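Note sheet for the following structure.
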Amino acid sequence: MSDYKFSEFEKKWQSNWANSNLGKCDLNSQKPKFYNLCMYPYPSGDLHMGHIRNYTIGDVITRYKKLIGYNVLSPMGWDSFGLPAENAAIKTGIHPKKFTEDRMKNMKDQIIRLGSLYDWDREVAAHTEEYYKWTQYLFIQLFNNDLAYKKDAPVNWCTSCKTVLANEQVIEGNCDRCDAIVTQKNLNQWFLSISKYSEELLSGLNDIGDWPENVKSMQKNWIGKSVGAQFNLEVIDSDISIEVFTTRPDTLFGMTFAVISPEHKLMKNILDLSKNQENIKNYISSASSKSEFERMSITKEKTGVDTGLFVINPLTNESIPLWIADYVLINYGTGAIMAVPGHDQRDYDFAKKYNIEIKQVIKDPNKEGGIELEAYTGHGELVNSDNFDGLNSHEEASSQIIKKLTESNIGSAKTTYRLRDWLISRQRYWGCPIPLVNCNKCGLVAENIENLPVKLPEIDDYLNTDGSPLSKSESFVNVNCPECGNPATRETDTMDTFVDSSWYFMRYLDPKNSEKPFNEEHINNWLPVDQYIGGVEHAILHLLYSRFFVKALRDLDMVKVNEPFENLFSQGMINFKGSKMSKSKGNIVDPEGYFKSHGADALRLYILFMAPPSDGVEWNDGGIEGTRRFLFKLWDNLETISELEEIDSKNSDEEKLEIYLNQTIDSVTKHLEKFEFNTAVSDLMKINNQITDYIKNNKVISSEVKKSTLQNVCLLLNPFAPHISSEIFQRNFNTEITEHNWPSVNKEKIKNPTYELVVQVNGKKKHAIEASRGLQQTEIEQLCFENFKLVVKEYKKVIFVQDKIINYVG
RNA sequence: GCGGAUGUGGCGGAACUGGUAGACGCGCUGGAUUUAGGAUCCAGUGAGCUUUGCUCGUGGAGGUUCGAGUCCUCUCAUCCGCACCA
């Protein structure tokens, strides 16, 4: 008997795989392709359990797909620009590059310790010049094609990181990195025109492969499509008109006032016209002093100010008052609304507070009268709506009213989206410099391609007090205009790191190309990614941005793909002590200890076994003992099997074992295909228990069953626990397990000759008895009569399901 | 408020097209072994009862069915995302 020395074996196999370059992928192989991608990590320094889960799941897929004959591409790299490196530099004085690269090295060692296979020749890192050169190149392509632009806009400003943030990075008014309060600032910033793709990003979700429902729904929500009408409200005694958007044109006759946002661009004109200037000015300044978050959450009580002006309801020709109120958002729709208090609760609250008329124009089908206490926001029959009375809201009436608006040249049908353009400027050091130059004569000019990359300058002081840290480097800032050659200045902002990660999966296909960002031929052959695996936290941000990038590059004729990721698997989060594991919260569980005490294979098995991979789980290491025990037992069992004396004949125990083995092949394969790794692991534990039973009762084994047991158990285990399965396989067959194929089911040997018949009376189980498979109803009835004295005639009817149950009813 | 999901033993979780609820594992109880602890092995482990057996039991209430964790209607709770989005 030999011992299962997991540390020794794991080390041995990891170096074997590295030496034979097992993870290497030849893109031109004749085998069918399979692009298996795990989200590349931010190099925080140590792997945490979320990484372990991600890369274990990914490696199960890689190894399984290889065994069933695919040419698997499984690359790995680093999302290596970003705030923490810079913050550490400020704190410790270590250069962000050194800091980041040290951490990458450490994490890479740990990933290798987990036993996962990657094609390390394709490793990319976002912070390297070879990579960010091409990020800049792609940015310039977007800029040259009106997909990147700079404009003044109210933006989210993190008071602690001292940088602007994208909408997607603001969580309940706080910075998603540091939790500090986010305020609004008006700044000149860079945007990518993701909103041009709103409709395609939305409709694409219907044609995409297998994506989790919750991720699709989060993206749908975020894009936020609303269908309705847009029309103009004429301000009486003036030449201004205000454009409004509504999803409820069917309630237009109920409009009794109009509201515009305090930030509205017509505010200056309104101020000029109004006799209520003092109050308006006060209101606007008090609204602007509040953060957007405050305005939305601190008080639900609506406030506003009357302009004293009137607009005309275009369908009734009535004059109605125009108000200013901050419950109307400048960023959505047109920044102005038609207010229908009878059928919108917010307008209702506002009208009640300021004593504005409330008019009912939709009848609640479930209630007589009805808007005395609250607005009726549902659909129903139109009333008080002139010749539209009697129509049904919402579709019919809306389309009729839109038709009327269109014919009268007042408005038209309109669709709006909540998705806004992606703000990518960051006032930080450790990021990709924006490769644009400001020239007094030529304006904003892209750097010449041959001058890329625009290198991140060396600076001493990373703190961004006022502008960007890059503005402190004069040699960086002062350049000659790429167009006219006159003195000019560089942009000093860096890009959001999500720009880097929006195309890394394309760079992997040709990571060392010094001529182009990627090789179109490879992209067109290998994209979309067949299986993308990562955490739900990227449901909106990264997954939406990457989809946009691919579509934009397609429209620039650079690639011929519509979507980056065909199938997405999003693993649940692993929490510890109630919250997400993170260094700042100090609730990290370090995998290193488990590598030493239980082994990488036991850790992999446990993390797969603990829950369905899409579920979030609370980390609890109680069960890891179980998977370790399983591996020790399996080691001993298979060694015992291999040492059993071989004979030619088979007994019934061996036939049973053979059948069980086939059932296991069938079950593990099905579970693997459906990402049900927890049950696949339990199948492996069950076959191990069967082997234990066999050994207990038998001292010899047929050579055929011996071989198929050893071989198939190792192969089935291999994707989950690659080290131990490789070792056992090599000891018995003297070849590498990776040169073999995934086992297939022998259909002759998958069904047991007998089954346990369940005997029910009135649907309740009364007896169970072993019966031969295939017996007919009369034979079973005879069996039940003999054993349980059940007489068919005494019952009203008998229900029989072959090879399953018999139920006596009556 | 809107959208998505999830509710099964002490715990993590199984259960294919409706057909033995609780697989597999953790924990726990008893026993064997051990100087002791650990490890290992054997047996037991949903609850209740009048214990050769019976009754109840998958968040709750109804319904369909010979038969429901699974299908239908209503309802409650938890988690996640978005949220004054017109």
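The values are calculated or read from the model by the stated rules, or taken from the named source; none is laboratory data. For clarity, every value in this text was computed on a predicted model and none was experimentally measured. As a convention, Cβ positions derive from the backbone with ideal geometry for all residues, glycine included, and neighbour counts pool all protein chains shown. When the accessible area is computed, the model is the full protein with side chains, heavy atoms only, and any ligands, DNA or RNA have been set aside. Shrake-Rupley method; radii C 1.70, N 1.55, O 1.52, S 1.80 Å.
Within the stretch A:357-368, residues that are within 14 Å of A:His343 (Cβ to Cβ) have Cβ atoms under 6 Å from residues that are open to solvent by 40 Å² or more (accessible area, probe 1.4 Å) and modelled with pLDDT of 90 or more in these pairs: A:Val361/A:Asn384, counting only partners at least 6 apart in sequence or on another chain. Residues in the stretch A:586-607: is at least one assigned to a helix (DSSP H, G or I), out of contact with any Leu (no Cβ under 9 Å at 6 or more places or on another chain) and surrounded by 21 or more Cβ atoms within 10 Å (Cβ to Cβ)? The answer is yes; a qualifying residue exists. Among residues of the stretch A:159-175 that are outside any loop (DSSP other than H, G, I, E, B), those with a Cβ under 9 angstrom from a residue that is of a type in the set (Gly, Ala, Ser), sequence gap 6+ or separate chain, pair up as A:Thr163/A:Ser425; A:Thr163/A:Ser468; A:Val164/A:Ser425; A:Asn174/A:Ala180; A:Cys175/A:Ser160. Here A:Asn21 clears all of (1) on the phi > 0 side of the Ramachandran plot; (2) open to solvent by less than 30 Å² (accessible area, probe 1.4 Å) except the condition numbered (2). Checking each residue in the stretch A:534-567 for being within 15 Å of RNA strand B (Cβ to nearest atom), buried (at least 21 other Cβ atoms within 10 Å of the Cβ) and among the hydrophobic types (A, V, I, L, M, F, W, C) picks out A:Ala539, A:Leu543, A:Leu544.
Restricting to the stretch A:381-401, what's the tally of residues that are assigned to a helix (DSSP H, G or I) and open to solvent by 30 Å² or more (accessible area, probe 1.4 Å)? First the steps, then the outcome.
So in the stretch A:381-401, the residues assigned to a helix (DSSP H, G or I) come out as A:386-388, A:395-401.
Subset that is open to solvent by 30 Å² or more (accessible area, probe 1.4 Å): A:386-387, A:395-396, A:399-400.
Residues meeting the conditions: 6.
Would you call A:Ile68 open to solvent by 10 Å² or more (accessible area, probe 1.4 Å) and on the phi < 0 side of the Ramachandran plot? Taking the combined requirement at face value, the residue satisfies it. When A:Val759 is tested against (1) more than 30 Å from A:Ser7 (Cβ to Cβ); (2) more than 11 Å from RNA strand B (Cβ to nearest atom), just one condition goes unmet, and that condition is (2). Considering only residues that are in contact (Cβ under 8 Å) with a residue 40 or more places away in the chain and either within 11 Å of RNA strand B (Cβ to nearest atom) or polar (S, T, N, Q) (or both), look in the stretch A:244-253 and name the one that is surrounded by the fewest Cβ atoms within 10 Å (Cβ to Cβ). Once the filter is applied, the top-ranked residue is A:Phe245. If the condition is being touching a residue at least 40 places away in the same chain (Cβ under 8 Å) and aromatic (Phe, Trp, Tyr), then the stretch A:603-654 contributes A:Phe609, A:Trp619, A:Phe630, A:Phe632, A:Trp635. Only one of the listed residues (A:Lys12, A:Lys24) is out of contact with any Pro (no Cβ under 9 Å at 6 or more places or on another chain), closer than 18 Å to A:Ile724 by Cα and touching a residue at least 12 places away in the same chain (Cβ under 8 Å). That residue is A:Lys12.
When the criteria are applied in full, A:Asn637 fails the requirement of being more than 15 Å from RNA strand B (Cβ to nearest atom) and at negative phi. Of the residues making up the stretch A:102-126, those that are in a loop (DSSP other than H, G, I, E, B) and either within 23 Å of A:Pro453 (Cβ to Cβ) or of a type outside the set (Phe, Trp, Tyr) (or both) are A:Leu114, A:Gly115, A:Ser116, A:Leu117, A:Asp119, A:Glu123, A:Ala126.
No other residue among A:Lys150, A:Lys162, A:Lys185 is open to solvent by 50 Å² or more (accessible area, probe 1.4 Å) and at positive phi apart from A:Lys162.
Taken over the stretch A:32-49, the criterion of being surrounded by 13 or more Cβ atoms within 10 Å (Cβ to Cβ), over 18 Å from the mean Cα position of the chain (by Cα) and modelled with pLDDT of 95 or more is satisfied by A:Lys33, A:Phe34.
Looking only at the stretch A:769-781, decide whether some residue is open to solvent by 40 Å² or more (accessible area, probe 1.4 Å) and within 11 Å of RNA strand B (Cβ to nearest atom). Within the stretch A:769-781, one or more residues are open to solvent by 40 Å² or more (accessible area, probe 1.4 Å) and within 11 Å of RNA strand B (Cβ to nearest atom).
For the stretch A:703-723, a residue qualifies if it is over 17 Å from A:Thr664 (Cβ atoms) and surrounded by 19 or more Cβ atoms within 10 Å (Cβ to Cβ), and the qualifying residues are A:Pro722, A:His723. If I filter the stretch A:318-341 down to residues being within 11 Å of A:Met255 (Cα to Cα) and not aliphatic (A, V, I, L, M), which single residue comes out as nearest to RNA strand B (Cβ to nearest atom)? The extreme case among them is A:Pro341. In the stretch A:640-649, what residues are assigned to a helix (DSSP H, G or I) and away from RNA strand B (no atom under 15 Å from the Cβ)? Selection gives A:Ile641, A:Ser642, A:Glu643.
When the stretch A:342-359 is limited to residues that are buried (at least 22 other Cβ atoms within 10 Å of the Cβ) and away from RNA strand B (no atom under 11 Å from the Cβ), the one that is nearest to A:His264 (Cα to Cα) turns out to be A:Ala351. Could you tell me whether the stretch A:125-145 includes any residue that is touching a Phe, Trp or Tyr at 6+ places or on another chain (Cβ under 9 Å), charged (D, E, K, R) and on the phi < 0 side of the Ramachandran plot? Looking for residues that are touching a Phe, Trp or Tyr at 6+ places or on another chain (Cβ under 9 Å), charged (D, E, K, R) and on the phi < 0 side of the Ramachandran plot, one finds none in the stretch A:125-145, hence no. Can A:Ser725 be described as small (Gly, Ala, Ser), away from RNA strand B (no atom under 16 Å from the Cβ) and out of contact with any Leu (no Cβ under 8 Å at 6 or more places or on another chain)? Considered against the rule, which asks whether it is small (Gly, Ala, Ser), away from RNA strand B (no atom under 16 Å from the Cβ) and out of contact with any Leu (no Cβ under 8 Å at 6 or more places or on another chain), A:Ser725 comes out as no.
The residues listed here are A:Asp615, A:Asp621, A:Asp590; of these, the one that is in contact with an Asp or Glu (Cβ under 7 Å, 6 or more places away or on another chain) and of a type in the set (Asp, Glu) is A:Asp590. In the set A:Thr735, A:Thr679, which member is open to solvent by 30 Å² or more (accessible area, probe 1.4 Å), without any contact (Cβ under 8 Å) to a residue 24 or more places away in the chain, within 16 Å of RNA strand B (Cβ to nearest atom) and closer than 30 Å to A:Gly58 by Cβ? Just one listed residue meets the conditions, A:Thr679. A:Asp510: at pLDDT 95 or above, within 33 Å of the chain's Cα centre (by Cα) and either open to solvent by 10 Å² or more (accessible area, probe 1.4 Å) or closer than 28 Å to A:Ala85 by Cβ (or both), yes or no? Taking the combined requirement at face value, the residue satisfies it. When you check A:Thr494 against the structure, is it touching a strand residue (DSSP E or B) at 6+ places or on another chain (Cβ under 8 Å) and either buried (at least 18 other Cβ atoms within 10 Å of the Cβ) or not assigned by TED's automatic domain parsing to the domain that holds A:Asn438 (or both), yes or no? Yes, satisfied.
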